[in-house]
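> Take this structure, written in structure tokens, and hold onto it; I'll ask about it next.
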Amino acid sequence: MKYVALNDLHVSLGAKMIEFAGYNMPVLYTNLIQEHLAVRNSVGVFDVSHMGEFRLKGEKALDLIQLVTSNDASKLVDGKVQYSCLPNENGGIVDDLLVYRVSETEYYLVVNASNIEKDWHWISKHNSFGVEMTNYSDEMSLLAVQGPNAIKVLQSLTAVNLSEMEYYSFTIGNLAGINDVIISNTGYTGSGGFELYVNNKDAKQLWDAVFKAGEPYNILPCGLGARDTLRLEKGFCLYGNDINDETSPIEAGLGWITKFTKPFINHEHHAALKANGVSKKLVGFEMLERGGIPRQHHTIKDAEGNTIGEVTSGTQSPSLNKAIGMGYVSSNFSKVDTEIYIEIRDKKIKAKVVKIPFL
């Protein structure tokens, strides 16, 4: 078990701690719905320091990134961020990630906690370009300050003009008296906000400053439970659920991060899927009947009881007050308003395909 720098703080706040991706992480502090709605309506803070951070530096850094990622990183300029994925050689995805361009010869990659070692070995394996690689994952803390009031909370702590920062851009500056904070206009909640990267030694100072500044906005610490319901309402994929080593980004609706303007690992396979069509697609659905909450691996069936797919994510949406989910279905059942059935406790519960995002 690994521990984030603020582990003891979370325990002292009464957080329910669970093992997640090999880390002891807060899943809940008080009430999931309360934490969820705090982010949707005001501001909440997630400690996501379990995420991995790599630095790639050198004249050929972009060449390596172009080879191993599906998106076109040549479109990035200094201070911009790009969502992408690492395709494997078998038609699936090693991981999804963020690519940060610091300069023409320096990039940061932010990867999922469960895949840090796997991603590091994968990128290293393809580094025939002499790129200098550094793994900072154990040295960095990451706080996601999310919600419509996040900008008001953080602007009081920095001279950086946060309102001028576009979505998926970042800067490195002083925040809360801490130098060299990476201030990133990103997040996985769909409610706006910033992600703040600092050295572990500065994590407590940053946490305390953010919460003091957030008092007028009823700021709350939020656990991984709310992070999951928030991202699902926006239809954001979670690695290990909605995408994995066997799913193509084309099947997952991630064609927008799969650019064939340059070669990347196994690009021919995904180009063929895009050209010829896929046999299964990731769709959103909402439950039309009571009978339980859809969960990962629940079977999806048609009206005749034939298996047509599987649920990848599901929850009771706190914002919509209805049960929603995502899953892969045979492509002929993927059209919006198609009636499908989710098998929950041996019962077929009626649902329908809906457009993503749910909210």
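> Classify segment 37-100 as rounded, prolate or oblate from the Cα gyration tensor: take a ≥ b ≥ c as the square roots of its eigenvalues, call it rounded if a/c is under 1.5, otherwise prolate when a/b beats b/c and oblate if not. Provide the component values of the computation, followed by the final result.
Working: a/c = 2.27, a/b = 1.67, b/c = 1.36.
Cα axes put segment 37-100 in the prolate bin.
> In what order do E215, E132 fall by count of nearby beta-carbon atoms within 10 Å, going from fewest to most? Show your work: numbers first, answer last.
Numbers: E215 9, E132 12.
If I rank by nearby Cβ atoms, fewest first, I get E215, E132.
> Just to confirm the filter: which GluC sites (Glu not before Pro) across segment 87-122 are DSSP coil and have at most 14 other Cβ within 10 angstrom of their Cβ?
Here the GluC sites (Glu not before Pro) that fit, given the DSSP loop and packing criteria, are E89, E104.
> Here is a follow-up. Which value in nm describes the separation of the simple spin-label points at F211 and A275, placed 7 Å from the Cα toward the beta carbon?
Placing both labels 7 Å along Cα→Cβ, they lie 5.6 nm apart.
> Let me ask another. Highest mean first, how do 255-264, 150-159 rank when packing is the count of other Cβ atoms within 10 Å averaged over residues?
For the peptides 255-264, 150-159, the packing ranking is 150-159, 255-264.
> Next up: How big is the gap, in Å, between the Cα center of segment 285-359 and the Cα center of segment 180-216?
Here the two parts' Cα centres lie 35 Å apart.
> Once amide H atoms are built 1.01 Å from N in the peptide plane, which residues 5 or more positions from F20, or in another chain, come under 5 Å H to H?
Excluding prolines and chain starts, which carry no amide H, the hits are M25.
> Give me the distance in nm between label points sitting 7 Å out from Cα along the Cα-to-Cβ direction at T261 and N244, one decimal.
3.3 nm
> Amide H of D245 versus every other amide H placed in the peptide plane: which residues, excluding those fewer than 5 positions away on the same chain, fall under 5 Å?
Correct list: I93.
> Could I ask something else about it? Counting only the backbone N, which residues of segment 125-148 are under 20 Å from the spot 7 Å out from the Cα of K57 toward its beta-carbon?
So the set is 125, 127-141.
> Also, I was wondering about something else. Tell me, what HN-Hα J-couplings in whole Hz come from the Karplus equation 6.51 cos²θ - 1.76 cosθ + 1.60 at θ = phi - 60° for each residue of segment 163-180, using x for Gly and Pro?
Running phi through 6.51 cos²θ - 1.76 cosθ + 1.60 with θ = phi - 60° gives 5, 8, 7, 6, 4, 6, 10, 8, 9, 10, x, 8, 9, 6, x, 10, 7, 6 Hz.
> Once the mean 1/r over all distinct Cα pairs of segment 82-222 is inverted, what Kirkwood radius in angstroms do you read off? Let's see the in-between values first.
Details: mean 1/r = 0.0607 Å⁻¹.
About 16.5 Å for segment 82-222.
> So, one more: Among N112, P318, T258, whose Cα projects farthest towards the positive end of the dipole of the chain, with charges put on the beta-carbon of Lys, Arg (+1) and Asp, Glu (-1)?
After comparing all options, I get P318.
> Among the lysines, which fall within straight-line cross-link reach of K204, defined as a Cα-Cα distance under 17 Å, with same-chain neighbours fewer than 8 residues apart omitted?
Partners found: K212.
> Taking the Cα atoms of segment 1-145, report the difference between the largest and smallest coordinate on each principal axis, in whole Å and largest first.
Dimensions of segment 1-145 along the principal axes of its Cα atoms: 48, 33, 30 Å.
> Roughly how compact is the chain, stated as its Cα Rg over 2.2 N^0.38 Å to two decimals?
The reported ratio for this selection is 1.00.
> For segment 52-134, with only Lys/Arg (+1) and Asp/Glu (-1) charged at the beta-carbon, what is the dipole magnitude about the Cα centre, in debye rounded to 20?
Charge dipole of segment 52-134: 40 debye, to the nearest 20.
> Under a point spin-label approximation (7 Å from Cα along Cα-to-Cβ), what is the M133-I172 distance to one decimal in nm?
With each label point 7 Å from Cα toward Cβ, the separation is 2.1 nm.
> From the phi angles alone, apply the Karplus equation (6.51, -1.76, 1.60; θ = phi - 60°) to segment 296-306 and give each ³J(HN,Hα) in whole Hz, x where the residue is Gly or Pro.
The phi angles translate into 3, 6, 4, 7, 9, 10, 8, 4, 8, x, 6 Hz.
> Sticking with this one: Skipping prolines and chain starts, which residues have an amide H placed within reach, meaning under 5 Å, of the one on T338, given they are 5 or more residues away or on another chain?
It is V353, by chain and number.
> By a straight-distance test (C-alpha under 25 Å), which lysines pair with K60 as possible cross-link partners, with residues fewer than eight away in the same chain excluded?
Answer for K60, where 25 Å is the Cα cut-off: K75, K80, K118, K125, K259, K262, listed by chain and number.
> Summing -39500 (n - 2.57) over the DSSP H runs of n ≥ 4 in the chain and dividing by its residue number, what mean residue ellipticity at 222 nm do you reach, to the nearest 500 deg cm²/dmol?
-5500 deg cm²/dmol
> Relative to 2.2 N^0.38 Å, what does the C-alpha radius of gyration of segment 279-354 come to as a ratio? Two decimals please.
Compared with the compact-globule rule of thumb, segment 279-354 sits at 0.95.
> Still on this structure, I have one more. How large are Rg and Dmax for segment 52-134 when only the alpha carbon atoms are used, in Å?
Spelled out, the Cα radius of gyration and Dmax of segment 52-134 are 11.4, 33 Å.
> Compute for segment 161-300: radius of gyration divided by Kirkwood radius, i.e. Rg/Rh, restricted to C-alpha atoms, rounded to two decimals.
1.06
> Something else now. Apply the Karplus parameterisation 6.51 cos²θ - 1.76 cosθ + 1.60, with θ equal to phi minus 60°, to every residue of segment 56-69 and state each ³J(HN,Hα) to the nearest whole Hz, in sequence, with x for glycine and proline.
Result, ordered by residue: 10, 9, x, 4, 9, 4, 5, 4, 5, 5, 4, 6, 8, 10 Hz.
Every number in this text was worked out from the coordinates using simple rules, so none of it is lab data. Just so it is clear, the structure is predicted and the values come from calculations on it, not from any experiment. Cβ coordinates were reconstructed from backbone atoms using ideal geometry, including for glycine residues, and neighbour counts include every protein chain displayed.
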